[in-house]
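Participant: This is the structure I have questions about; it appears just below.
The values are calculated or read from the model by the stated rules, or taken from the named source; none is laboratory data. On a predicted model such as this, the values are computed, not experimentally measured, just so you know. Because the Cβ atoms are built from the backbone with ideal geometry, glycine has one as well, and the counts that use them run over all protein chains shown. To get the accessible areas, we keep the full protein, side chains included, count just its heavy atoms, and leave off ligands, DNA and RNA. Shrake-Rupley method; radii C 1.70, N 1.55, O 1.52, S 1.80 Å.
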Amino acid sequence: MLKLYNTLGRRKEIFKPIRKEWVGLYTCGPTVYNYAHIGNLRTYIFEDVLRRTLEYAGYKVKHVMNITDVGHLTSDADSGEDKLDREAKKEGRSVWDIAKFYTHSFLRDIERLHVKKANYLIPATQAVNEQIKIILKLFGNGYAYETPQAIYFDVSRFKNYTKLSRQKLSQKILGARREVVVDLDKKNPYDFALWFKLAGRFKNHSMHWPSPWGKGFPGWHIECSAISTKYLGQPFDIHTGGVDHISVHHTNEIAQSEAAYKKLLARYWLHGEFLLIDAGKMAKSEGNFITLDTLIKKEFNLLAFRYLVLTAHYRSKLNFTWKSLEAAQNSLQRLYDFVRELSERRNLHSRDYRGFASIVKKFQNALSNDLDTSKALAVVWNLFHQYHKNPSHCDAKAMLKLLYNFDEVLGLGLKVVKPEKIPQKIISLANKREEYRKSRQWKEADKIRDGIQKLGYSVEDTSSGAVISKPR
Ligand code: AMP
Ligand code: ZN
(Lines give C-alpha, C1' and ligand atoms only; values in the text may rest on other atoms or scores of the structure.)
(Ligands and ions follow the chains in the order given, each with its own letter.)
Protein backbone atom coordinates (compact mmCIF):
# COMPACT_ATOMS: atom_id res chain seq x y z
CA MET A 1 0.00 0.00 0.00
CA LEU A 2 1.72 3.14 -1.25
CA LYS A 3 1.32 6.23 0.93
CA LEU A 4 2.29 9.67 -0.34
CA TYR A 5 2.29 13.00 1.45
CA ASN A 6 -0.22 15.20 -0.35
CA THR A 7 0.51 18.92 0.02
CA LEU A 8 -3.19 19.59 -0.65
CA GLY A 9 -4.33 17.87 2.56
CA ARG A 10 -0.98 18.22 4.37
CA ARG A 11 -0.98 14.53 5.25
CA LYS A 12 0.03 11.13 3.97
CA GLU A 13 -2.67 9.50 1.87
CA ILE A 14 -3.03 6.06 0.37
CA PHE A 15 -2.34 6.32 -3.33
CA LYS A 16 -5.28 5.25 -5.48
CA PRO A 17 -4.82 5.69 -9.23
CA ILE A 18 -7.63 7.14 -11.33
CA ARG A 19 -7.32 4.54 -14.08
CA LYS A 20 -6.31 0.92 -14.17
CA GLU A 21 -4.16 1.27 -17.27
CA TRP A 22 -1.71 3.99 -16.27
CA VAL A 23 -0.75 6.57 -13.69
CA GLY A 24 -0.46 10.16 -14.91
CA LEU A 25 2.59 11.96 -13.52
CA TYR A 26 3.36 15.59 -14.31
CA THR A 27 6.68 17.05 -13.14
CA CYS A 28 7.46 20.71 -13.78
CA GLY A 29 10.56 20.96 -15.93
CA PRO A 30 13.55 23.30 -16.14
CA THR A 31 13.71 26.86 -17.34
CA VAL A 32 16.43 26.43 -19.93
CA TYR A 33 18.45 29.63 -19.62
CA ASN A 34 21.36 28.20 -17.65
CA TYR A 35 22.81 24.89 -16.46
CA ALA A 36 20.79 22.98 -13.90
CA HIS A 37 22.34 23.27 -10.45
CA ILE A 38 22.49 20.35 -8.06
CA GLY A 39 19.49 21.81 -6.17
CA ASN A 40 17.32 21.48 -9.26
CA LEU A 41 18.79 18.04 -9.79
CA ARG A 42 17.83 17.00 -6.28
CA THR A 43 14.22 17.67 -7.22
CA TYR A 44 14.51 15.65 -10.44
CA ILE A 45 16.04 12.75 -8.49
CA PHE A 46 13.14 12.83 -5.99
CA GLU A 47 10.68 12.75 -8.90
CA ASP A 48 12.60 9.91 -10.50
CA VAL A 49 12.41 7.87 -7.30
CA LEU A 50 8.66 8.52 -7.24
CA ARG A 51 8.29 7.31 -10.83
CA ARG A 52 10.51 4.26 -10.23
CA THR A 53 8.61 3.41 -7.04
CA LEU A 54 5.33 3.46 -8.94
CA GLU A 55 6.84 1.25 -11.63
CA TYR A 56 8.33 -1.08 -9.01
CA ALA A 57 4.84 -1.42 -7.54
CA GLY A 58 3.64 -2.55 -10.97
CA TYR A 59 2.04 0.64 -12.33
CA LYS A 60 2.60 1.82 -15.86
CA VAL A 61 3.52 5.49 -15.59
CA LYS A 62 2.76 8.13 -18.19
CA HIS A 63 5.28 10.81 -17.29
CA VAL A 64 4.99 14.30 -18.75
CA MET A 65 7.38 17.22 -18.29
CA ASN A 66 7.47 20.70 -19.78
CA ILE A 67 10.55 22.63 -20.79
CA THR A 68 10.17 26.34 -20.07
CA ASP A 69 11.72 28.07 -23.04
CA VAL A 70 9.63 31.25 -22.97
CA GLY A 71 7.74 33.47 -20.55
CA HIS A 72 9.46 32.78 -17.21
CA LEU A 73 10.28 36.22 -15.86
CA THR A 74 13.12 37.05 -13.51
CA SER A 75 10.51 37.42 -10.79
CA ASP A 76 8.05 34.55 -10.30
CA ALA A 77 5.35 37.22 -10.57
CA ASP A 78 4.84 39.52 -13.54
CA SER A 79 7.68 41.95 -13.15
CA GLY A 80 11.19 41.69 -14.57
CA GLU A 81 12.53 40.39 -17.84
CA ASP A 82 12.10 37.07 -19.61
CA LYS A 83 14.94 34.86 -18.32
CA LEU A 84 15.71 33.41 -21.74
CA ASP A 85 15.58 36.74 -23.49
CA ARG A 86 17.94 38.27 -20.95
CA GLU A 87 20.44 35.38 -21.20
CA ALA A 88 20.36 35.49 -25.02
CA LYS A 89 21.25 39.18 -24.96
CA LYS A 90 23.99 38.57 -22.41
CA GLU A 91 25.55 35.73 -24.40
CA GLY A 92 24.96 37.39 -27.78
CA ARG A 93 23.03 34.39 -29.07
CA SER A 94 19.46 33.83 -30.19
CA VAL A 95 16.87 32.69 -27.63
CA TRP A 96 16.36 29.53 -29.67
CA ASP A 97 20.06 28.77 -29.44
CA ILE A 98 20.02 29.29 -25.69
CA ALA A 99 16.99 27.04 -25.25
CA LYS A 100 18.50 24.30 -27.42
CA PHE A 101 21.86 24.42 -25.69
CA TYR A 102 20.53 24.28 -22.11
CA THR A 103 17.84 21.70 -22.94
CA HIS A 104 20.60 19.48 -24.24
CA SER A 105 22.69 20.04 -21.14
CA PHE A 106 19.66 19.26 -18.93
CA LEU A 107 19.09 15.98 -20.75
CA ARG A 108 22.74 15.04 -20.41
CA ASP A 109 22.66 15.85 -16.69
CA ILE A 110 19.63 13.75 -15.90
CA GLU A 111 21.00 10.85 -17.91
CA ARG A 112 24.23 10.98 -15.93
CA LEU A 113 22.20 10.81 -12.71
CA HIS A 114 20.09 7.91 -13.98
CA VAL A 115 16.96 10.06 -13.92
CA LYS A 116 14.56 8.58 -16.46
CA LYS A 117 13.47 10.95 -19.18
CA ALA A 118 9.76 11.81 -19.28
CA ASN A 119 7.70 9.96 -21.88
CA TYR A 120 6.54 13.33 -23.13
CA LEU A 121 8.99 16.20 -22.82
CA ILE A 122 7.28 19.26 -24.25
CA PRO A 123 8.80 22.71 -24.74
CA ALA A 124 6.35 25.53 -23.98
CA THR A 125 7.01 27.00 -27.42
CA GLN A 126 5.58 23.84 -28.99
CA ALA A 127 2.29 24.14 -27.16
CA VAL A 128 1.36 27.76 -27.84
CA ASN A 129 -1.95 26.91 -29.55
CA GLU A 130 -3.01 24.79 -26.60
CA GLN A 131 -2.17 27.69 -24.26
CA ILE A 132 -4.24 30.11 -26.34
CA LYS A 133 -7.10 27.59 -26.23
CA ILE A 134 -7.16 27.59 -22.41
CA ILE A 135 -6.99 31.38 -22.26
CA LEU A 136 -10.01 31.55 -24.58
CA LYS A 137 -11.84 29.15 -22.27
CA LEU A 138 -10.96 31.37 -19.31
CA PHE A 139 -12.42 34.35 -21.15
CA GLY A 140 -15.53 32.28 -21.87
CA ASN A 141 -15.88 31.38 -18.18
CA GLY A 142 -15.29 34.95 -17.02
CA TYR A 143 -11.85 34.51 -15.41
CA ALA A 144 -9.67 36.48 -17.82
CA TYR A 145 -9.42 40.15 -18.74
CA GLU A 146 -7.40 42.20 -21.15
CA THR A 147 -5.33 45.36 -20.70
CA PRO A 148 -3.32 47.17 -23.39
CA GLN A 149 -0.25 45.22 -22.20
CA ALA A 150 -1.43 41.74 -21.31
CA ILE A 151 -4.15 39.21 -20.50
CA TYR A 152 -4.59 38.43 -16.81
CA PHE A 153 -6.26 35.83 -14.66
CA ASP A 154 -8.76 37.48 -12.35
CA VAL A 155 -7.90 35.91 -9.00
CA SER A 156 -10.85 37.48 -7.19
CA ARG A 157 -13.20 35.37 -9.33
CA PHE A 158 -11.65 32.06 -8.32
CA LYS A 159 -12.80 30.62 -5.01
CA ASN A 160 -10.22 28.85 -2.92
CA TYR A 161 -7.30 30.33 -4.81
CA THR A 162 -4.90 29.58 -1.94
CA LYS A 163 -6.05 26.05 -1.20
CA LEU A 164 -2.62 24.60 -1.98
CA SER A 165 -0.47 27.19 -0.23
CA ARG A 166 -2.92 27.82 2.64
CA GLN A 167 -1.77 31.41 2.56
CA LYS A 168 -4.21 34.15 3.34
CA LEU A 169 -5.08 36.21 0.29
CA SER A 170 -4.03 39.24 2.34
CA GLN A 171 -0.49 37.79 2.48
CA LYS A 172 -0.56 37.47 -1.28
CA ILE A 173 -1.65 41.07 -1.60
CA LEU A 174 1.23 42.20 0.56
CA GLY A 175 3.66 40.10 -1.49
CA ALA A 176 2.29 41.42 -4.74
CA ARG A 177 2.56 45.01 -3.52
CA ARG A 178 6.25 44.54 -2.97
CA GLU A 179 6.63 43.78 -6.69
CA VAL A 180 7.14 46.69 -9.02
CA VAL A 181 3.75 47.32 -10.58
CA VAL A 182 4.42 47.41 -14.26
CA ASP A 183 0.89 47.44 -15.59
CA LEU A 184 -1.33 50.03 -13.95
CA ASP A 185 -4.40 48.57 -15.66
CA LYS A 186 -4.15 45.36 -13.70
CA LYS A 187 -7.30 45.02 -11.55
CA ASN A 188 -5.56 43.47 -8.55
CA PRO A 189 -1.84 43.35 -7.82
CA TYR A 190 -1.98 39.57 -7.34
CA ASP A 191 -3.65 38.83 -10.69
CA PHE A 192 -1.18 36.98 -12.87
CA ALA A 193 -0.41 37.14 -16.57
CA LEU A 194 -1.69 34.54 -19.00
CA TRP A 195 -0.35 36.30 -22.08
CA PHE A 196 1.97 39.24 -22.71
CA LYS A 197 1.47 41.46 -25.71
CA LEU A 198 4.33 42.96 -27.69
CA ALA A 199 3.74 46.21 -25.87
CA GLY A 200 5.32 48.29 -23.13
CA ARG A 201 8.50 46.69 -21.78
CA PHE A 202 7.98 43.68 -24.07
CA LYS A 203 7.66 45.72 -27.27
CA ASN A 204 10.83 44.11 -28.65
CA HIS A 205 10.51 40.65 -27.15
CA SER A 206 12.24 38.23 -29.45
CA MET A 207 9.74 35.36 -29.22
CA HIS A 208 6.18 35.96 -30.29
CA TRP A 209 3.19 34.28 -31.85
CA PRO A 210 -0.08 35.51 -33.34
CA SER A 211 -3.08 35.31 -31.02
CA PRO A 212 -6.63 36.69 -30.78
CA TRP A 213 -5.04 39.57 -28.81
CA GLY A 214 -2.35 40.38 -31.35
CA LYS A 215 1.25 39.20 -31.33
CA GLY A 216 2.69 38.16 -28.00
CA PHE A 217 3.90 35.31 -25.84
CA PRO A 218 2.45 33.17 -23.05
CA GLY A 219 2.95 33.76 -19.32
CA TRP A 220 4.90 31.13 -17.43
CA HIS A 221 2.18 29.16 -15.63
CA ILE A 222 -0.18 28.53 -18.51
CA GLU A 223 2.19 26.11 -20.28
CA CYS A 224 1.88 23.52 -17.52
CA SER A 225 -1.92 23.73 -17.53
CA ALA A 226 -1.97 23.31 -21.31
CA ILE A 227 0.59 20.52 -21.54
CA SER A 228 -0.70 18.47 -18.61
CA THR A 229 -4.29 18.62 -19.83
CA LYS A 230 -3.31 17.68 -23.37
CA TYR A 231 -1.29 14.60 -22.45
CA LEU A 232 -2.86 13.43 -19.20
CA GLY A 233 -6.41 14.78 -19.23
CA GLN A 234 -8.02 16.26 -16.15
CA PRO A 235 -7.87 15.29 -13.39
CA PHE A 236 -4.66 13.27 -13.50
CA ASP A 237 -2.94 11.47 -10.68
CA ILE A 238 0.24 13.17 -9.43
CA HIS A 239 1.76 16.60 -9.88
CA THR A 240 5.18 17.46 -8.47
CA GLY A 241 7.85 20.14 -8.19
CA GLY A 242 10.05 21.88 -5.65
CA VAL A 243 8.51 23.54 -2.57
CA ASP A 244 9.01 26.99 -4.08
CA HIS A 245 6.28 26.14 -6.58
CA ILE A 246 3.58 25.76 -3.94
CA SER A 247 2.68 29.38 -3.41
CA VAL A 248 2.91 30.79 -6.93
CA HIS A 249 3.38 28.47 -9.87
CA HIS A 250 1.27 25.52 -8.74
CA THR A 251 -1.32 27.78 -7.16
CA ASN A 252 -1.71 29.52 -10.51
CA GLU A 253 -1.75 26.27 -12.47
CA ILE A 254 -4.61 25.04 -10.30
CA ALA A 255 -6.54 28.29 -10.74
CA GLN A 256 -6.17 28.26 -14.54
CA SER A 257 -6.93 24.60 -15.15
CA GLU A 258 -9.77 24.30 -12.68
CA ALA A 259 -11.40 27.54 -13.81
CA ALA A 260 -11.11 26.50 -17.47
CA TYR A 261 -12.35 22.92 -17.19
CA LYS A 262 -14.37 23.07 -13.96
CA LYS A 263 -12.61 19.95 -12.74
CA LEU A 264 -9.82 19.15 -10.32
CA LEU A 265 -6.37 19.46 -11.93
CA ALA A 266 -4.52 16.72 -10.07
CA ARG A 267 -5.23 14.48 -7.10
CA TYR A 268 -1.87 14.29 -5.36
CA TRP A 269 0.59 17.17 -5.08
CA LEU A 270 4.11 16.26 -3.98
CA HIS A 271 6.85 18.77 -3.28
CA GLY A 272 10.55 18.25 -2.77
CA GLU A 273 12.43 20.30 -0.20
CA PHE A 274 15.43 22.39 -1.06
CA LEU A 275 19.05 21.54 -1.28
CA LEU A 276 20.89 24.16 0.71
CA ILE A 277 24.43 25.36 0.56
CA ASP A 278 25.91 27.09 3.60
CA ALA A 279 22.38 26.93 5.02
CA GLY A 280 21.01 29.13 2.21
CA LYS A 281 18.96 28.15 -0.81
CA MET A 282 20.97 27.19 -3.85
CA ALA A 283 19.60 29.19 -6.75
CA LYS A 284 20.61 30.15 -10.23
CA SER A 285 19.91 33.76 -9.41
CA GLU A 286 22.06 33.66 -6.22
CA GLY A 287 25.17 32.75 -8.19
CA ASN A 288 26.05 30.11 -5.54
CA PHE A 289 25.24 27.18 -7.65
CA ILE A 290 27.17 24.00 -8.27
CA THR A 291 26.69 22.02 -11.46
CA LEU A 292 27.56 18.44 -12.35
CA ASP A 293 30.59 19.72 -14.21
CA THR A 294 31.91 21.15 -10.94
CA LEU A 295 31.58 17.68 -9.42
CA ILE A 296 33.39 16.12 -12.37
CA LYS A 297 36.23 18.63 -12.07
CA LYS A 298 36.61 17.55 -8.46
CA GLU A 299 36.69 13.94 -9.71
CA PHE A 300 33.48 12.75 -8.12
CA ASN A 301 31.41 9.92 -9.47
CA LEU A 302 28.12 11.71 -10.26
CA LEU A 303 26.08 8.86 -8.86
CA ALA A 304 27.61 9.70 -5.48
CA PHE A 305 25.41 12.80 -5.64
CA ARG A 306 22.38 10.61 -6.34
CA TYR A 307 23.36 8.47 -3.36
CA LEU A 308 23.67 11.57 -1.18
CA VAL A 309 20.18 12.70 -2.21
CA LEU A 310 18.77 9.28 -1.34
CA THR A 311 20.19 9.47 2.18
CA ALA A 312 17.74 12.27 3.04
CA HIS A 313 13.95 12.20 2.88
CA TYR A 314 12.67 14.31 0.00
CA ARG A 315 10.62 16.47 2.39
CA SER A 316 13.64 17.40 4.51
CA LYS A 317 16.08 20.13 3.69
CA LEU A 318 19.47 18.79 2.72
CA ASN A 319 22.54 20.88 3.42
CA PHE A 320 25.16 20.15 0.80
CA THR A 321 28.81 19.92 1.85
CA TRP A 322 31.80 18.48 0.04
CA LYS A 323 32.40 16.26 3.07
CA SER A 324 28.93 14.75 2.79
CA LEU A 325 29.48 14.10 -0.90
CA GLU A 326 32.78 12.40 -0.14
CA ALA A 327 31.10 10.19 2.46
CA ALA A 328 28.38 9.32 -0.07
CA GLN A 329 31.00 8.41 -2.64
CA ASN A 330 32.78 6.14 -0.14
CA SER A 331 29.54 4.38 0.71
CA LEU A 332 28.69 3.92 -2.94
CA GLN A 333 32.14 2.51 -3.62
CA ARG A 334 31.65 -0.01 -0.82
CA LEU A 335 28.39 -1.06 -2.42
CA TYR A 336 30.11 -1.44 -5.79
CA ASP A 337 32.80 -3.58 -4.16
CA PHE A 338 30.10 -5.66 -2.53
CA VAL A 339 28.36 -6.21 -5.85
CA ARG A 340 31.66 -7.12 -7.48
CA GLU A 341 32.43 -9.62 -4.79
CA LEU A 342 28.99 -11.19 -5.13
CA SER A 343 29.34 -11.44 -8.88
CA GLU A 344 32.70 -13.11 -8.52
CA ARG A 345 31.08 -15.73 -6.31
CA ARG A 346 27.87 -16.19 -8.16
CA ASN A 347 28.91 -19.42 -9.85
CA LEU A 348 28.99 -21.06 -6.46
CA HIS A 349 26.18 -23.22 -5.24
CA SER A 350 25.18 -22.67 -1.70
CA ARG A 351 22.04 -23.04 0.30
CA ASP A 352 19.05 -20.76 0.08
CA TYR A 353 19.15 -17.39 1.64
CA ARG A 354 16.22 -17.65 4.01
CA GLY A 355 15.76 -14.05 5.06
CA PHE A 356 14.99 -12.77 1.57
CA ALA A 357 11.21 -12.45 1.67
CA SER A 358 11.32 -10.31 4.78
CA ILE A 359 14.11 -8.15 3.35
CA VAL A 360 12.11 -7.46 0.20
CA LYS A 361 9.13 -6.55 2.34
CA LYS A 362 11.23 -4.12 4.39
CA PHE A 363 12.50 -2.46 1.25
CA GLN A 364 9.00 -2.12 -0.16
CA ASN A 365 7.62 -0.84 3.11
CA ALA A 366 10.28 1.87 3.27
CA LEU A 367 9.42 3.18 -0.18
CA SER A 368 5.70 2.80 0.36
CA ASN A 369 5.98 5.05 3.38
CA ASP A 370 6.16 8.28 1.38
CA LEU A 371 9.39 7.28 -0.40
CA ASP A 372 11.61 6.76 2.62
CA THR A 373 14.81 6.29 0.63
CA SER A 374 17.16 6.48 3.60
CA LYS A 375 15.36 3.49 5.15
CA ALA A 376 15.51 1.68 1.81
CA LEU A 377 19.28 2.23 1.78
CA ALA A 378 19.47 0.91 5.35
CA VAL A 379 17.87 -2.32 4.11
CA VAL A 380 20.65 -2.62 1.52
CA TRP A 381 23.27 -2.09 4.23
CA ASN A 382 21.64 -4.76 6.38
CA LEU A 383 22.12 -7.14 3.52
CA PHE A 384 25.74 -6.06 3.29
CA HIS A 385 26.33 -6.77 6.99
CA GLN A 386 24.56 -10.11 6.89
CA TYR A 387 26.76 -11.16 4.04
CA HIS A 388 29.96 -10.10 5.73
CA LYS A 389 29.11 -11.98 8.89
CA ASN A 390 29.52 -15.19 6.99
CA PRO A 391 30.19 -14.86 3.25
CA SER A 392 30.52 -18.54 2.58
CA HIS A 393 27.04 -19.22 3.90
CA CYS A 394 25.29 -16.74 1.65
CA ASP A 395 23.65 -17.47 -1.64
CA ALA A 396 25.64 -14.90 -3.60
CA LYS A 397 23.67 -15.35 -6.78
CA ALA A 398 20.33 -14.72 -5.12
CA MET A 399 21.71 -11.79 -3.16
CA LEU A 400 23.08 -10.19 -6.27
CA LYS A 401 19.72 -10.58 -7.97
CA LEU A 402 18.07 -8.89 -5.04
CA LEU A 403 20.46 -5.94 -5.18
CA TYR A 404 19.80 -5.55 -8.89
CA ASN A 405 16.10 -5.60 -8.12
CA PHE A 406 16.47 -2.86 -5.48
CA ASP A 407 18.51 -0.84 -7.92
CA GLU A 408 15.46 -0.62 -10.21
CA VAL A 409 14.37 2.07 -7.75
CA LEU A 410 17.66 3.32 -6.34
CA GLY A 411 19.24 3.77 -9.78
CA LEU A 412 22.79 3.65 -8.42
CA GLY A 413 24.24 1.73 -11.35
CA LEU A 414 24.84 -1.49 -9.42
CA LYS A 415 24.29 -3.59 -12.52
CA VAL A 416 27.12 -2.09 -14.46
CA VAL A 417 29.67 -3.12 -11.86
CA LYS A 418 31.68 -5.79 -13.62
CA PRO A 419 33.30 -8.75 -11.87
CA GLU A 420 37.05 -8.70 -11.83
CA LYS A 421 38.41 -10.85 -14.63
CA ILE A 422 40.71 -13.46 -13.09
CA PRO A 423 43.65 -14.29 -15.42
CA GLN A 424 43.78 -17.86 -16.76
CA LYS A 425 47.20 -18.37 -15.17
CA ILE A 426 45.76 -17.78 -11.69
CA ILE A 427 42.82 -20.11 -12.35
CA SER A 428 45.22 -22.91 -13.47
CA LEU A 429 47.31 -22.42 -10.35
CA ALA A 430 44.21 -22.57 -8.16
CA ASN A 431 43.07 -25.79 -9.87
CA LYS A 432 46.49 -27.31 -9.30
CA ARG A 433 46.28 -26.34 -5.62
CA GLU A 434 42.87 -27.97 -5.40
CA GLU A 435 44.34 -31.23 -6.76
CA TYR A 436 47.07 -31.17 -4.10
CA ARG A 437 44.50 -30.52 -1.41
CA LYS A 438 42.38 -33.43 -2.54
CA SER A 439 45.37 -35.70 -2.29
CA ARG A 440 46.22 -34.14 1.09
CA GLN A 441 49.54 -32.74 -0.10
CA TRP A 442 49.15 -29.65 2.11
CA LYS A 443 52.69 -28.35 1.78
CA GLU A 444 52.49 -28.17 -2.01
CA ALA A 445 49.03 -26.66 -1.83
CA ASP A 446 50.22 -23.90 0.52
CA LYS A 447 53.18 -23.17 -1.70
CA ILE A 448 50.86 -22.53 -4.63
CA ARG A 449 48.65 -20.33 -2.51
CA ASP A 450 51.68 -18.21 -1.58
CA GLY A 451 52.54 -17.96 -5.26
CA ILE A 452 49.02 -16.81 -6.07
CA GLN A 453 49.23 -14.19 -3.34
CA LYS A 454 52.51 -12.89 -4.73
CA LEU A 455 50.70 -12.35 -8.02
CA GLY A 456 48.17 -10.13 -6.22
CA TYR A 457 45.26 -12.55 -5.74
CA SER A 458 43.91 -14.49 -2.81
CA VAL A 459 42.31 -17.90 -2.48
CA GLU A 460 39.69 -18.57 0.13
CA ASP A 461 38.30 -22.02 0.90
CA THR A 462 34.56 -21.98 1.43
CA SER A 463 32.01 -24.73 1.99
CA SER A 464 31.30 -24.55 -1.74
CA GLY A 465 34.88 -24.64 -2.96
CA ALA A 466 37.78 -22.26 -3.46
CA VAL A 467 37.09 -18.62 -4.33
CA ILE A 468 39.71 -16.47 -6.00
CA SER A 469 39.57 -12.72 -5.65
CA LYS A 470 41.73 -9.64 -5.97
CA PRO A 471 41.82 -7.90 -2.59
CA ARG A 472 40.96 -4.20 -2.78
P1 AMP B 1 13.65 25.98 -12.50
O2 AMP B 1 14.57 25.50 -13.60
O3 AMP B 1 14.18 27.17 -11.79
O4 AMP B 1 12.24 26.17 -12.98
O5 AMP B 1 13.62 24.84 -11.37
C6 AMP B 1 13.49 23.48 -11.67
C7 AMP B 1 13.09 22.69 -10.44
O8 AMP B 1 14.09 22.78 -9.42
C9 AMP B 1 11.80 23.19 -9.79
O10 AMP B 1 11.00 22.06 -9.45
C11 AMP B 1 12.26 23.94 -8.56
O12 AMP B 1 11.29 23.92 -7.55
C13 AMP B 1 13.47 23.13 -8.16
N14 AMP B 1 14.48 23.85 -7.36
C15 AMP B 1 14.95 25.12 -7.53
N16 AMP B 1 15.91 25.41 -6.60
C17 AMP B 1 16.05 24.30 -5.84
C18 AMP B 1 16.88 23.95 -4.70
N19 AMP B 1 17.78 24.77 -4.19
N20 AMP B 1 16.75 22.70 -4.18
C21 AMP B 1 15.87 21.81 -4.69
N22 AMP B 1 15.07 22.08 -5.75
C23 AMP B 1 15.14 23.31 -6.32
ZN1 ZN C 1 4.72 23.77 -13.93
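Participant: Local charge sum around Arg440 (other residues, Cβ-Cβ under 13 Å, Lys/Arg +1, Asp/Glu -1)? Walk me through the numbers on the way to the answer.
Facilitator: Numbers: positive: Arg433, Arg437, Lys438, Lys443; negative: Glu434, Glu435, Glu444, Asp446.
Charge balance near Arg440 sits at 0.
Participant: Determine, from the Cβ-Cβ distance of Ser458 and Lys375 and an R0 of 22 Å, the FRET efficiency 1/(1 + (r/R0)^6), rounded to the nearest 0.05.
Facilitator: It comes out at approximately 0.05.
Participant: Can I get the semi-axes of region 1-146's equivalent ellipsoid? Compute them from the C-alpha gyration tensor as square roots of 5 times the eigenvalues, in angstrom, largest first.
Facilitator: Here the semi-axes work out to 29, 23, 14 Å.
Participant: Please identify every one of the trypsin sites (Lys or Arg not before Pro) in region 357-451 that sits in a loop by DSSP and has no more than 14 other beta carbons within 10 Å of its own beta carbon. Could the numbers behind the result be given before it?
Facilitator: Working: sites: Lys361, Lys362, Lys375, Lys389, Lys397, Lys401, Lys415, Lys421, Lys425, Lys432, Arg433, Arg437, Lys438, Arg440, Lys443, Lys447, Arg449; in loops: Lys421, Arg440.
Here the trypsin sites (Lys or Arg not before Pro) that fit, given the DSSP loop and packing criteria, are Lys421, Arg440.
Participant: What is the log10 of I(q)/I(0) for region 215-303, computed with the Debye formula using one identical point scatterer on each Cα and no solvent, at q = 0.12, 0.13, 0.20, 0.23 Å⁻¹?
Facilitator: Summing over Cα pairs of region 215-303 leads to -0.54, -0.61, -0.96, -1.09.
Participant: Turning to a different aspect of this structure: Contour minus end-to-end for Lys389 and Ile18, with contour as 0.36 nm per residue of separation and end-to-end as the Cα-Cα distance?
Facilitator: Extra length from Lys389 to Ile18 when fully extended: 129.0 nm.
Participant: Averaging sequence separations of C-alpha pairs under 8 Å and six or more residues apart, then dividing by the length of region 241-308, give the relative contact order as a whole percent.
Facilitator: 23
Participant: Moving on to the next point. Quick check for you: with a 1.4 Å probe and neighbouring chains kept, what is the accessible area per residue of region 50-120, in Å²?
Facilitator: 44
Participant: Considering only protein heavy atoms and a 1.4 Å probe, what is the carbon-and-sulfur percentage of the accessible area of the chain? Walk me through the numbers before you get to the answer.
Facilitator: Numbers: 10900 of 21860 Å².
About 50 percent, which is the carbon plus sulfur part of the accessible surface.
Participant: Count neighbours as other Cβ atoms within 10 Å of each site's Cβ, and list the trypsin sites (Lys or Arg not before Pro) in region 2-31 that are DSSP loop with at most 13 such neighbours.
Facilitator: On the way: sites: Lys3, Arg10, Arg11, Lys12, Arg19, Lys20; in loops: Arg10, Arg19, Lys20.
Counting only loop positions with at most 13 other Cβ atoms within 10 Å, the trypsin sites (Lys or Arg not before Pro) in region 2-31 are Arg10, Arg19, Lys20.
Participant: Quick one: check the C-alpha center-to-center distance for region 87-112 versus region 389-411, whole angstrom.
Facilitator: Distance between centres, Cα-based: 40 Å.
Participant: Semi-axes, largest first, in whole Å: what does sqrt of 5 times each Cα gyration tensor eigenvalue give for the chain?
Facilitator: Square roots of five times the eigenvalues give 55, 23, 17 Å.
Participant: Which value, to two decimals, describes the C-alpha radius of gyration of region 291-392 once divided by 2.2 N^0.38 Å?
Facilitator: 1.25
Participant: Using a Cα-Cα cut-off of under 23 Å, which lysines could be cross-linked to Lys137, ignoring same-chain neighbours fewer than 8 residues away?
Facilitator: Here the lysines satisfying the reach criterion relative to Lys137 are Lys159, Lys163, Lys186, Lys187, Lys197, Lys215, Lys230, Lys262, Lys263.
Participant: Placing +1 on the Cβ of each Lys and Arg and -1 on the Cβ of each Asp and Glu in region 367-472, which of Phe384, Phe406, Val417 has its Cα farthest towards the positive end of the resulting dipole?
Facilitator: Towards the positive end, the residue furthest out is Val417.
Participant: If I take all pairs of Cα atoms in region 67-151, what percentage of them are more than 21 Å from each other?
Facilitator: Numbers: 1704 of 3570 pairs.
Cα-Cα pairs in region 67-151 separated by more than 21 Å: 48 percent.
Participant: Relative to the longest principal axis of the C-alpha atoms of the chain, give the angle of the C-alpha long axis of helix 396-410, reported between 0 and 90° and rounded to the nearest 10°.
Facilitator: Roughly 10 degrees, rounded to the nearest 10.
Participant: Let me ask something additional. So what's region 30-110 giving for Rg/Rh, alpha carbon basis, Kirkwood Rh from the mean inverse pair distance?
Facilitator: Values: Rg = 15.2 Å, Rh = 14.2 Å.
We get a ratio of 1.07 for region 30-110.
Participant: May I ask for the net charge around Gly24, where only other residues with Cβ less than 10 Å from the Cβ of Gly24 are counted and Lys, Arg are +1 while Asp, Glu are -1?
Facilitator: +2
Participant: Among the GluC sites (Glu not before Pro) in region 407-449, which ones are in a DSSP loop with at most 15 other Cβ atoms within 10 Å of the Cβ? Mind listing them?
Facilitator: Within region 407-449, the qualifying GluC sites (Glu not before Pro) (loop, at most 15 other Cβ atoms within 10 Å) are Glu420.
Participant: Based solely on its DSSP helices, what 222 nm [θ] is calculated for the chain when runs of n ≥ 4 H residues each add -39,500 (n - 2.57) and the sum is averaged over all residues, nearest 500 deg cm²/dmol?
Facilitator: -14000 deg cm²/dmol
Participant: Next question. When the dipole is taken about the Cα centre of region 1-78, and only Lys, Arg (+1) and Asp, Glu (-1) are charged at their Cβ, what size is it in debye, to the nearest 20?
Facilitator: Taking the Cα centre of region 1-78 as origin, the dipole is about 620 debye.
Participant: Give the calculated FRET efficiency between Arg93 and Leu184 to the nearest 0.05, with a Förster radius of 45 Å applied to their Cβ-Cβ distance. All intermediate terms of the calculation are to be shown ahead of the outcome.
Facilitator: Working: r = 34 Å, r/R0 = 0.76.
Plugging the Cβ-Cβ distance into 1/(1 + (r/R0)^6) gives 0.85.
Participant: On a full-extension model of 0.36 nm per residue, what is the gain between Lys3 and Lys116, subtracting their alpha-carbon distance, rounded to one decimal in nm?
Facilitator: 38.5 nm
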